[in-house]
1. Looking only at segment 41-63, filter to residues that are under 16 Å from residue 9 (Cβ atoms) and in a strand (DSSP E or B); which one of those is farthest from the chain's Cα centre (by Cα)?
2. Taking segment 1-40 as the region of interest, how many residues are part of a strand (DSSP E or B) and without any contact (Cβ under 8 Å) to a residue 40 or more places away in the chain?
């Protein structure tokens with residue numbers, strides 16, 4: 001996986017309001033923005049699905 005640019009990581013780390021909108025199955029249309037938990041540690045971004053790995057946004061992002 002490619003590294004996140006430092007300025008993007010700093011912007012994410014500086015907020016407590018991160019939303020994610022993975023592409024839908026068509027690969028073009030963005031999904032509904034979903035609030036997620038995130039943290040930046042040692043230059044790496046970690047996110048957590050509120051409803052676990054079975055949540056739709058998590059499954060869409062992984063596919």
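No lab work stands behind these numbers, since they all come straight from the coordinates. Treat the numbers as computed from the prediction; the structure is a model and nothing was measured. In this analysis, Cβ positions are derived from the backbone assuming ideal geometry, glycine residues included, and neighbour counts consider all displayed protein chains.
1. Among residues in segment 41-63 that are under 16 Å from residue 9 (Cβ atoms) and in a strand (DSSP E or B), the one farthest from the chain's Cα centre (by Cα) is 41.
2. 11
Here's the yes/no breakdown for (1) in contact with a helix residue (DSSP H, G or I) (Cβ under 9 Å, 6 or more places away or on another chain); (2) exposed (fewer than 11 other Cβ atoms within 10 Å of the Cβ):
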position: 13; (1), (2): no, no
position: 28; (1), (2): no, yes
position: 45; (1), (2): yes, no
position: 57; (1), (2): no, no
